[in-house]
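A short worksheet on the structure shown next.
The values are calculated or read from the model by the stated rules, or taken from the named source; none is laboratory data. Note that the structure is a prediction, hence the values are computed from the model and not measured. Note that each Cβ is placed from the backbone with ideal geometry, even for glycine, and that neighbours are counted across all protein chains shown.
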Amino acid sequence: MATDYNIKNIRQLYNLTQEEFALAIGVTRELVNKMEKGKCKVSKATSLRVKQFLLERKSEYYSHDVISDVEMIATAQRNSDTPYYLQRQQQKNEKSGYLVPLIAIKAQAGYVKGYEQIDTFVDTLDKYSLPPGVKPEGANWSYFEVDGDSMEPTFSSGDVILVSMIHPEDWQEIKNFGVYVLLTSDRLLVKRIYRKSATEWVLISDNEEAYPQKLLPVNEVKEIWRFRRHIKAKAPAPKTFAITV
């Protein structure tokens, strides 16, 4: 379980940034950040990666602290028999709050560039209530403002979409042709996804005539958010009415 070991202490023991530590254990920096802040539990798969990371460096950095961390994780692994699906059920009972940030068009470049300090950046953004009928439990929510016309006529520039983050270990559950917000090292995109293979996804725009399909290597993806609600920036144009009375 996440409370059985201190991810931050292990990372700092080797003087690594969150990005460097994430690369070393094969996860995203955002996941490391959330584990350190207690916003995300350390799954069985992730704890195995951390254990392997420590064991590989045992001979290089032989110290009491390292041995303690190795023993601690090994003990936690022996004592943690909770299946991943039960951990997810428990997470769904945790509330994330009713106010969620809006990543507006003007803030999106900063969101991409500030990924290393994403929590600090998000704290500076305006926050808004979740719409009626949306329960905050068990999800990390955000609003994103749509930029450009690549998803027209489904979404127009200036529309706002409510999204929930997908944990990296759940990426295999992404539905083909669903709408998602994707963060890469240099872009923030709203697209439909087709999972062509385990290593490549096809990005699909609804405005296909102007924006052809593109391949995206999965290892370039840092975050994925699932589309949940749509708030239009403008009311649809009224049709022409003929007065009949």
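Computed quantities for the displayed model
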item: Selection count where residues are of a type in the set (Ser, Thr, Tyr) and outside any helix (DSSP H, G or I), scope the range 23-52; result: 2
item: Elements of type strands (runs of 3 or more DSSP E) in the range 94-163, at least 1 residues being among the aromatic types (Phe, Trp, Tyr), at pLDDT 80 or above and farther than 21 Å from Leu183 by Cα; result: 127-129
item: Residue in the range 137-177 that is nearest to Leu125 (Cα to Cα), counting only those that are of a type in the set (D, E, K, R) and crowded, with 16+ Cβ neighbours inside 10 Å; result: Glu145
item: Condition met for Lys234 (in contact (Cβ under 8 Å) with a residue 12 or more places away in the chain, closer than 16 Å to Val146 by Cβ and either exposed (fewer than 14 other Cβ atoms within 10 Å of the Cβ) or not assigned by TED's automatic domain parsing to the domain that holds Tyr111 (or both)); result: yes
item: Scope the range 214-238; condition in contact with a Phe, Trp or Tyr (Cβ under 7 Å, 6 or more places away or on another chain), farther than 21 Å from Tyr143 by Cα and either of a type in the set (Val, Ile, Thr) or not in a strand (DSSP E or B) (or both); matching residues; result: Val218
item: Test for Val190: is it under 18 Å from Ser157 (Cβ atoms), out of contact with any Gly (no Cβ under 7 Å at 6 or more places or on another chain), outside any loop (DSSP other than H, G, I, E, B) and assigned by TED's automatic domain parsing to the domain that holds Phe144; result: yes
item: Criterion: touching a His at 6+ places or on another chain (Cβ under 7 Å), in contact (Cβ under 8 Å) with a residue 24 or more places away in the chain and assigned by TED's automatic domain parsing to the domain that holds Gly110 - qualifying residue of Ile204, Ile161; result: Ile161
item: From the options Asp186, Asp149, Asp123, residue that is out of contact with any strand residue (DSSP E or B) (no Cβ under 7 Å at 6 or more places or on another chain) and under 21 Å from Val100 (Cα atoms); result: Asp123
item: Selection count where residues are touching a Ser or Thr at 6+ places or on another chain (Cβ under 7 Å) and hydrophobic (A, V, I, L, M, F, W, C), scope the range 139-190; result: 5
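One line per residue, one yes/no per condition, for (1) more than 30 Å from Lys135 (Cβ to Cβ); (2) in contact (Cβ under 8 Å) with a residue 12 or more places away in the chain; (3) surrounded by 15 or more Cβ atoms within 10 Å (Cβ to Cβ):
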{"residue": "Val179", "(1), (2), (3)": "no, yes, yes"}
{"residue": "Thr199", "(1), (2), (3)": "yes, yes, no"}
{"residue": "Glu208", "(1), (2), (3)": "yes, no, no"}
{"residue": "Lys214", "(1), (2), (3)": "yes, yes, no"}
{"residue": "Lys222", "(1), (2), (3)": "no, yes, yes"}
